[in-house]
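Beneath this line is the structure, given in structure tokens, with notes to follow.
The values are calculated or read from the model by the stated rules, or taken from the named source; none is laboratory data. Just so it is clear, the structure is predicted and the values come from calculations on it, not from any experiment. All Cβ positions, glycine included, derive from the backbone under ideal geometry; neighbour counts span all protein chains shown. Keep in mind that these areas ignore ligands, DNA and RNA; they rest on the heavy atoms of the full protein, side chains included. Shrake-Rupley method; radii C 1.70, N 1.55, O 1.52, S 1.80 Å.
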Amino acid sequence: MNRTLLSLSGISKQFDGKTVLDELSLTIDDGEFITLLGPSGCGKTTLLRMMAGFELPDRGTVTLSGADITQTLPEHRPLNTVFQNYALFSHMSVFDNVAYGLKMEKRPKAEIRERVEEALAMVQLEDFARRKPHQLSGGQQQRVAIARAVVKRPKMLLLDEPLSALDYKLRRTMQVELKRLQRELGITFVFVTHDQEEALSMSDRIVVLKDGHIQQLGTPREVYERPANVFTARFVGQTNFFPGRVTRVEDGRISVDVFGLNRELSKPSFRVVMNQTLHVLLRPEDIRVLAPDDTEGVAGKIVERNYKGSTLDSVIELEDGSHVMASEFFDEDDPTFDYSIGERVRVSWVDGWEWLLAEEGDEPLTDEEELAADDAEH
Amino acid sequence: MRWLSRSYLALVYLLLYVPIVVLVVFSFNDSRTGYNWGGLSLRWYESLFNNHAMVQAMWNSLWLALTAATVSTMIGALTAVALHRYRFRGKRVLNGMLFVVMMSPEIVLAISLLGLFLLLGLKLGYVSLLLAHVTFCLPFVVITVLARLAGFDERLPEAARDLGASDFTMTRTVLIPVIMPALMAGWLLGFTLSMDDVVVSTFVSGPSYEILPLRIYSMVRVGLKPEVNALGTLLLVFSLVMLMVSQWILSRSKQ
């Protein structure tokens, strides 16, 4: 079922001596919606342009359905791109823009008309065929760009930050629209963005990139709930990093001291030894804010509150000066639920909702090493 | 204050246009001398068109301007695209040299071109004029096209390639239409420059190919003939038409 459509192996690329992609390998399955996510300069756009054929890798190969296309010119690749600023041909009407790719294939006129109309109907722009691009709004131009790219029925659609020029509300609408299109067309989408929220809500899989390396590859859930490293945890969503110290190691369980609280946690996949320090990660929505007279948790005081409509976001300063972000849903039974700045509270979380990360530099264990570590403990 | 600024403006325009108006009015003057009014007449236009050498010079000039503008637009457009698109050794030098041609005194260009043609043994006539005119029109075309290319979205050629166009097809269907207004503006600029050039042409033209500006120049040296007024009026109408055409093209391309 998960047939590989495109695979990149050992891709390296330098621009003016600066490494943009470093020995990167990635396989993309047929029909999936995969997102390349990362800060600017992480190499995500270069990677996409390499798939389209606008950049050639210094080393490595690109294969499409098993055929090597590393050196194939863009015009001969059965992939199409939606560009960041749409790159519509301003001297052509909407119809001619969409028809361009089919004209290049020298399709008969009747077929071109039919397919262009079909593509425009798909993006709800049937009535705009005669207009010029500059007579359309940003969102409409975006739709034309999408129609122009999908009209050729490519094996894969490459989208280079296609929504970044739109305002927030329109962006949400287009996100839903793109997902619908992808379902209807059944084409593989490779989507480039620096917006983690967009990546989480749209993708089947997310590739988190930094400095030309893949930091993590997984479903949105995996990336959000089980980040592979500190970078991913920080980049995707907001995270509290609590300093933890291992006080006991048993099979499958460890005890960790966090802010003087002794919590029993399940053993992580990396090597754990006594007295080791590690990161205990908690998303703001995992944090429980309790009354000051509660027996559980760590004492602190509210230093910031942010009303978000559906949630109440607050920042709590603990006694050691560290800050904790909390995000709580409004309780229907307690309409007066709110905090005032300076209010004393206690902070806790539900066991099992935390995620442990080794301090950076520690490599995740291979299976063999893990077995060896287990043996050593017995 | 208000009347002061208005009359100042009026004065500026008066100084600009009075000579032209005088020229146009006197081209219809029946009197032989240029100083007194002798009634309305078209006799100077008539004598102008009966002057075979003059008409021949007009056609020569038109043909020269047409070919010089076309050749320099073609070479200039290619130069501009190369300067814009590629990074190569000596690009800055090439770019700077265009400005040198544009900024250097015309007389220097004229002398050096004459020297070159004599050295090459080229017979002075149409070919030498064409080469000279292409030379001084070229930088203007390159700069006009470069300015247009500066605002050109680099993603457009990529989008065309992505949709299956070869480099050649992309140039034909995307690049040229987008820079078309600049090509036309450059062509018109070249045409006008060629049409009224005196300095360079004086040096590099020969007896076999007489052009209008030189003909006029030699005519007025022996005294201002009313025929010249008629000719000036015709040229004025011609440039106005050209100006209107260029404005029309520009406004259409902006839509």
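Here are the numbers for this structure:
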| quantity | calculated |
| --- | --- |
| Cross-chain or 6+ apart pairs with Cβ under 9 Å, the range A:215-228 first and over 20 Å from A:ASP286 (Cα atoms) and open to solvent by less than 50 Å² (accessible area, probe 1.4 Å), then in a helix (DSSP H, G or I) and among the hydrophobic types (A, V, I, L, M, F, W, C) | A:GLN215/A:PHE231; A:GLN215/A:PHE235; A:GLN216/A:VAL223; A:GLN216/A:PHE231 |
| Some residue of the range B:113-131 being more than 14 Å from chain A (Cβ to nearest Cβ), open to solvent by 30 Å² or more (accessible area, probe 1.4 Å), over 22 Å from B:LEU78 (Cα atoms) and aromatic (Phe, Trp, Tyr) | yes |
| Candidate set from the range A:191-205 (those that are in contact with a Phe, Trp or Tyr (Cβ under 9 Å, 6 or more places away or on another chain) and assigned to a strand (DSSP E or B)); member that is most open to solvent (accessible area, probe 1.4 Å) | A:ARG205 |
| Scope the range B:95-105; condition assigned to a helix (DSSP H, G or I) and open to solvent by less than 80 Å² (accessible area, probe 1.4 Å); matching residues | B:ASN95, B:GLY96, B:LEU98, B:VAL101, B:MET102 |
| Residue count, the range A:47-66 (criterion: polar (S, T, N, Q) and either assigned to a loop (DSSP other than H, G, I, E, B) or under 17 Å from A:VAL82 (Cβ atoms) (or both)) | 1 |
| Residues being within 14 Å of another protein chain (Cβ to nearest Cβ) and either within 30 Å of B:LEU113 (Cα to Cα) or part of a helix (DSSP H, G or I) (or both) - total across the range B:135-178 | 21 |
| Unique match (being among the β-branched types (Val, Ile, Thr) and surrounded by fewer than 20 Cβ atoms within 10 Å (Cβ to Cβ)) among A:THR35, A:THR63 | A:THR63 |
| Search result, residues across the range A:270-291 that are over 16 Å from A:TRP353 (Cα atoms) and outside any strand (DSSP E or B) | A:PHE270, A:ARG271, A:VAL272, A:VAL273, A:MET274, A:ASN275, A:GLN276, A:ALA291 |
| Residue list for the range B:13-31, filter: assigned to a helix (DSSP H, G or I) and surrounded by 14 or more Cβ atoms within 10 Å (Cβ to Cβ) | B:LEU23, B:VAL24, B:PHE26, B:SER27 |
| Residues satisfying the stated conditions in the range A:74-124, i.e. surrounded by 20 or more Cβ atoms within 10 Å (Cβ to Cβ), more than 12 Å from every other protein chain (Cβ to nearest Cβ) and part of a loop (DSSP other than H, G, I, E, B) | A:VAL123 |
| Of all residues making up the range B:32-77, the number that are part of a loop (DSSP other than H, G, I, E, B) and touching a residue at least 60 places away in the same chain (Cβ under 8 Å) | 3 |
| Those residues of the range A:171-213 which are more than 13 Å from the chain's Cα centre (by Cα), within 30 Å of A:LYS13 (Cα to Cα) and of a type in the set (Val, Ile, Thr), in sequence order | A:ILE187, A:THR188 |
| Residue match in the range B:166-188 (condition: open to solvent by less than 70 Å² (accessible area, probe 1.4 Å) and within 22 Å of B:LEU23 (Cα to Cα)) | no |
| Matching option when the condition is under 25 Å from B:LEU224 (Cβ atoms) and of a type outside the set (Lys, Arg), among B:GLY38, B:GLY76 | B:GLY38 |
| Total residues in the range A:1-29, condition farther than 27 Å from A:SER164 by Cβ, assigned to a loop (DSSP other than H, G, I, E, B) and charged (D, E, K, R) | 1 |
| Residue match in the range A:330-337 (condition: under 18 Å from A:GLN238 (Cα atoms) and open to solvent by less than 50 Å² (accessible area, probe 1.4 Å)) | no |
| Those residues of the range A:312-321 which are touching a residue at least 24 places away in the same chain (Cβ under 8 Å) and either hydroxyl-bearing (Ser, Thr, Tyr) or within 18 Å of A:ASP338 (Cα to Cα) (or both), in sequence order | A:LEU312, A:ASP313, A:SER314, A:ILE316 |
| Residue among B:VAL141, B:VAL108 that is over 30 Å from A:THR45 (Cβ atoms) and within 16 Å of the chain's Cα centre (by Cα) | B:VAL141 |
| Positions within the range A:167-194 being under 19 Å from A:LEU36 (Cβ atoms) and free of Cβ contacts under 8 Å to residues at least 60 places away in the same chain, in sequence order | A:ARG171, A:MET174, A:GLN175, A:LEU178, A:LEU181 |
| Some residue of the range A:161-168 being surrounded by fewer than 20 Cβ atoms within 10 Å (Cβ to Cβ), within 25 Å of the chain's Cα centre (by Cα) and not in a loop (DSSP other than H, G, I, E, B) | yes |
| A:VAL208 being surrounded by 19 or more Cβ atoms within 10 Å (Cβ to Cβ), touching a Leu at 6+ places or on another chain (Cβ under 8 Å) and part of a helix (DSSP H, G or I) | no |
| Tally, over the range A:46-55, of residues that are surrounded by 20 or more Cβ atoms within 10 Å (Cβ to Cβ) and within 14 Å of another protein chain (Cβ to nearest Cβ) | 6 |
| Filter pass, A:ARG148 being at negative phi, within 11 Å of another protein chain (Cβ to nearest Cβ) and buried (at least 23 other Cβ atoms within 10 Å of the Cβ) | yes |
